[in-house]
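The next block holds one structure in the form of structure tokens; read it before the comments.
Values in this text are rule-based calculations from the coordinates and carry no lab data. Keep in mind that what you see is a predicted model, and the values were worked out from it rather than measured. Glycine also receives a Cβ, built like all others from the backbone with ideal geometry; neighbour counts cover every protein chain displayed.
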Amino acid sequence: MSRPARASVDDESATDPATTGPAASRPTRRGPLAALNPLAKLAAPLPAMIVVVFSRDLVLPLAFIAFALVVLLAGARLSAGLVTALVVGTPVAALVLGVSFGIWVDPSSVAGPEASVVLFGVGDWSFTLAAYLVGLATALRVLAVLMLSLIAGLTSTGTEFVRAAVQNLRVPYRVGYTALAALRFVPRFGHELEIIRAAHRVRGTVAGRGPIAAVRRAFGTAVPLLASAIRHAERVALAMDARAFGAHRTRTERHLMPWRARDTVFVAAFVAASALIVWVTRAF
């Protein structure tokens, strides 16, 4: 008799309770990045993030933003709306954040010909091109770190990260799966909050407009939401105790998250590409 096959990473979403429901019945598109170990997608951009944080020019973070965008578009099956948000929203955010950060730049700390170019002013205060370039450099660093982190964030779930950390990093499963249970509280609380608000509307306890009424409604939902959280935490604790959770040093895993050769190749290729980007930008 043949042994039943273990659930793999690719078919994990079909059996994971966190992904069951109406949304799970629809087929999902999984790109090449989704098949990698979540820790590989977390470790590969880390050297690039460190380099970007300590950079002070405009070209290096801009190059890493473009590189991260290419990796996401090629390796992840993103929706058209998300692709549009990344392609259009990133330059808009860079321009807006550049102004926001540049306003806080001390005019006396910037020099050069750009310091004499005034973009706009209010009274005696003027916003120069030099201050904007300093703010833009900071904005690009922030966006570069964010774009690099999206490589792991958009192609992996919190459940996969916890399982990979427990299996590959030897994080104690008592800590990992307790954190996973707490993570799953968040969508449940959102559902409970909608139920409480609907009950208040039916009972006519949401009358009034303005900030005072909003604060009153918030306090009105806090107590039942806290009571629901305590009841749910008690049920989870009883279930974990009934299943002897934490009674043994090791735990048999149902969904395996192994570190494969392709994960090593991805990390090595990403680090090599990052080093090439640094070398090319420094050359110019």
Expressed in nanometres to one decimal, the distance between label points 7 Å along Cα→Cβ at Thr221 and Val99 is 3.3
Please work out the Cα center distance from segment 158-235 to segment 48-125, rounded to the nearest Å. 35
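Can you tell me how much longer the chain between Phe189 and Arg203 gets when fully stretched, taken as 0.36 nm per residue apart minus their C-alpha distance, in nm with one decimal?
Values: separation 14, 0.36 × 14 = 5.04 nm, distance 2.10 nm.
Full-extension gain reported as 2.9 nm.
Given a Förster radius of 51 Å and the C-beta distance between Arg231 and Val87 as r, what FRET efficiency does 1/(1 + (r/R0)^6) yield to the nearest 0.05?
Once rounded, the FRET efficiency stands at 0.70.
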Compute the Cα gyration tensor for segment 173-242, then decide on rounded, prolate or oblate, letting a ≥ b ≥ c be the square roots of its eigenvalues: rounded whenever a/c is under 1.5, prolate when a/b is larger than b/c in the other cases, and oblate in all that remain. prolate
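Please label the shape of segment 142-284 as rounded, prolate or oblate, based on the square roots a ≥ b ≥ c of the eigenvalues of the alpha-carbon gyration tensor (a/c under 1.5 means rounded; beyond that, a/b larger than b/c means prolate, else oblate).
Details: a/c = 4.20, a/b = 1.49, b/c = 2.82.
Taking the square roots of the gyration eigenvalues as a ≥ b ≥ c, segment 142-284 is oblate.
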